[in-house]
Amino acid sequence: MRKAIAVFLTMMLLGAMLAACGAANNENAAPGATGTATQAPVKNATIKIFQFKVEIAEALDKLKEAYESEHPGIKLNIETVGGGSDYGAALKAKFTSGDEPDIFNNGGFNELNTWQDRIEDVSDQPWVADTLDVAKEPMSKDGKLFGMPMNLEGYGFIYNKDMFQKAGITNTPKTLTELKDACAKLKAAGMTPFANGYGEWWILGIHNFNVAVAQHDNPMQWVADRNAGKVKIAGDKIFEDWANMLDLTLENGNKNPLTTDYNTQVTLFASGETAMMQQGNWTQVQIDKITPNMNLGVLPMPINDDAEKNDKLFAGVPSNWVVNKNSKVKEEAKEFLNWLVTSEVGKDYIVNQFKFIPAFKSIEVKDEKTLGPIAGDVMAYSTAGKTLSWNWFNYPDGMTNELGAAIQSYVKKRDRASMFKEMDKQWDRLAKK
């Protein structure tokens, strides 16, 4: 399994992450700060951690107890802002108010550039040599490393295999027409095909919109050209096709998608009320709490009938742990991160509690069932070289929020021309900042 993860990382990140190096900032713009601080480690300290992955919040609280028991005098203050909340805006507010976290999340690439003055160089840390090279790419700059990769993730349409079987769906759909046919069979069997959590801007503005961006022959170049105003969303055939896929989910989904949040979406799916949902392997923990041992898989998100091009999942590094370079307890913060990925307790949490696909050579997944079937499909697609890139870290600062808002407006009004016009308008505005 360890070898499989290494192959997975190589195939996924070389194809997906390296394609994401563009020329724009992400939404987590830092309120300017300068200066560094050098200080000796202290025996008693509180490490403030500000993170966005709501699905591991409960497990982090248990890990906090384990760490504090092993490190007398050290306290972890963990705050989670994510799900329906805007982590980027909340992080900016933290720094603006002076309540700066010691450890926080950063997506890398241009988001690293945005927060450069706040982030500690961690190139000398013990865990760096254990990190697979391709997983370092988002946080590498000028020969230095500025963050620890959190994990690896992939997304598509998660589906309930048992419901598909009951509906008589024998072949997994890989084209838009096949997906339409599957929806028709599910509805004929009295089942709702999709759980759409479109009350969340990020489900639409980050993951859903990226489906179209990643389908371009060179997503990196397309983002750079859009930032430069050389291309538009309106009139782009790929975005027209993408909107057809979005329409399909709306025509075959739960009622009131704009008032359905992330937790409700996952609950609808995990309770067997719908057969599919757009999400990734990060949902495995929540699903297991609602209905353990569900028979699940992950489908591609096809935008047309080109089977070869559509039969792919979207994979990458979701975020990285970074240390505030001005923190008074940055040495203690570094020690915690090192413990997280080198201690037996930390490794156990990463694999068995967080259900993370690890980005480190020495963190083994001894049983494929440990991470769950969603991660299993993500890894299978990745080892087969069938992945597409994550590109939102290279959009202009704040663009994913604007995309989410534009798509939500479309869900309500179904005016495709207005949606594309608004997207182009906001992209041009933010790219000039």
Problem set entry | Pick from the range 326-351, criterion part of a helix (DSSP H, G or I) and either among the β-branched types (Val, Ile, Thr) or modelled with pLDDT under 95 (or both), ranking: surrounded by the fewest Cβ atoms within 10 Å (Cβ to Cβ) | VAL345
Exercise. Name the residues in the range 55-80 that are without any contact (Cβ under 8 Å) to a residue 60 or more places away in the chain, among the aliphatic types (A, V, I, L, M) and either surrounded by 20 or more Cβ atoms within 10 Å (Cβ to Cβ) or part of a helix (DSSP H, G or I) (or both), would you?
Worked result: ALA57, LEU60
Exercise. THR114 passes all but one of (1) of a type in the set (S, T, N, Q); (2) in contact with a strand residue (DSSP E or B) (Cβ under 7 Å, 6 or more places away or on another chain); (3) modelled with pLDDT under 95; which number fails?
Worked result: (2)
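Residue under question is LYS355, and the condition is that it be closer than 23 Å to PRO318 by Cα, in contact with a Gly (Cβ under 7 Å, 6 or more places away or on another chain) and either not assigned by TED's automatic domain parsing to the domain that holds PRO292 or not in a helix (DSSP H, G or I) (or both); does it hold?
yes
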Seminar exercise, completed: Pairing a residue in the range 290-312 that is more than 17 Å from ASP377 (Cα to Cα) with any residue that is aromatic (Phe, Trp, Tyr) and surrounded by 14 or more Cβ atoms within 10 Å (Cβ to Cβ), where Cβ atoms lie under 8 Å and the two sit 6 or more apart in sequence or on different chains, gives ILE303/TRP242
Exercise. If we keep just the residues of the range 81-133 that are β-branched (Val, Ile, Thr) and part of a loop (DSSP other than H, G, I, E, B), which is nearest to SER362 (Cα to Cα)?
Worked result: VAL122
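Can you name every residue in the range 248-273 that is of a type in the set (Val, Ile, Thr), surrounded by 15 or more Cβ atoms within 10 Å (Cβ to Cβ) and part of a helix (DSSP H, G or I)? Full working, then the answer.
We begin by selecting, within the range 248-273, every residue of a type in the set (Val, Ile, Thr); these are 249, 259-260, 264, 266-267.
From what's left, surrounded by 15 or more Cβ atoms within 10 Å (Cβ to Cβ): 249, 260, 264, 266-267.
Of everything in the range 248-273, those that are of a type in the set (Val, Ile, Thr), surrounded by 15 or more Cβ atoms within 10 Å (Cβ to Cβ) and part of a helix (DSSP H, G or I) turn out to be THR249, THR264, VAL266, THR267.
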Exercise. Are any residues in the range 217-240 open to solvent by 20 Å² or more (accessible area, probe 1.4 Å) and closer than 23 Å to GLU178 by Cα, and if so, which ones?
Worked result: LYS237, ILE238, GLU240
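For residues that are farther than 16 Å from GLN408 by Cβ and touching a strand residue (DSSP E or B) at 6+ places or on another chain (Cβ under 9 Å), tally how many sit in the range 256-269.
Here is the first cut: in the range 256-269, the residues farther than 16 Å from GLN408 by Cβ are 263, 266-269.
Okay, now just the ones that are also touching a strand residue (DSSP E or B) at 6+ places or on another chain (Cβ under 9 Å), so 266-269.
Within the range 256-269, residues that are farther than 16 Å from GLN408 by Cβ and touching a strand residue (DSSP E or B) at 6+ places or on another chain (Cβ under 9 Å) number 4.
Considering VAL231, VAL285, VAL223, VAL323, which residue is under 27 Å from ALA135 (Cα atoms) and either outside any helix (DSSP H, G or I) or in contact with a Cys (Cβ under 8 Å, 6 or more places away or on another chain) (or both)? Can you show your working first?
Numbers: VAL231 fails: under 27 Å from ALA135 (Cα atoms); VAL285 fails: either outside any helix (DSSP H, G or I) or in contact with a Cys (Cβ under 8 Å, 6 or more places away or on another chain) (or both); VAL223 fails: either outside any helix (DSSP H, G or I) or in contact with a Cys (Cβ under 8 Å, 6 or more places away or on another chain) (or both).
Only one candidate passes the filter, namely VAL323.
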Seminar exercise, completed: Expected single match for of a type in the set (Val, Ile, Thr), under 21 Å from GLY404 (Cα atoms) and more than 16 Å from the chain's Cα centre (by Cα) among THR264, THR274, THR291, THR283 is THR264
For this session: Give me the pairs, please: first residue somewhere in the range 233-261 and in the same structural domain as ALA417 (by TED's automatic domain parsing), second residue anywhere and of a type in the set (Gly, Ala, Ser) and open to solvent by 20 Å² or more (accessible area, probe 1.4 Å), beta-carbon distance under 6 Å, and either six or more positions apart or on two chains.
Result: LEU258/GLY199; THR259/GLY199; THR260/GLY199; ASP261/GLY84; ASP261/GLY199
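Quick one: which residue in THR400, THR387, THR383 is open to solvent by 30 Å² or more (accessible area, probe 1.4 Å) and among the β-branched types (Val, Ile, Thr)? Show your work before the answer.
On the way: THR400 fails: open to solvent by 30 Å² or more (accessible area, probe 1.4 Å); THR387 fails: open to solvent by 30 Å² or more (accessible area, probe 1.4 Å).
Criteria check complete, one pass: THR383.
If you scan the range 411-423, which residues turn out to be open to solvent by 10 Å² or more (accessible area, probe 1.4 Å) and of a type outside the set (Lys, Arg)? It would help to see each step written out before you state the result.
Let us first name the residues in the range 411-423 that are open to solvent by 10 Å² or more (accessible area, probe 1.4 Å), namely 411-418, 421-422.
Passing the criteria: VAL411, ASP415, ALA417, SER418, GLU422.
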Problem set entry | Residue that is assigned to a strand (DSSP E or B) and touching a strand residue (DSSP E or B) at 6+ places or on another chain (Cβ under 9 Å), where the choices are ALA315, ALA375 | ALA315
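The values are calculated or read from the model by the stated rules, or taken from the named source; none is laboratory data. Note that the coordinates shown come from a computational prediction; the quantities given were computed from them, not determined experimentally. Neighbour counts are summed over all protein chains in view; Cβ atoms, including those assigned to glycine, are modelled from backbone coordinates with ideal geometry. With ligands, DNA and RNA removed, areas are computed over all heavy atoms of the protein, side chains included. Shrake-Rupley method; radii C 1.70, N 1.55, O 1.52, S 1.80 Å.
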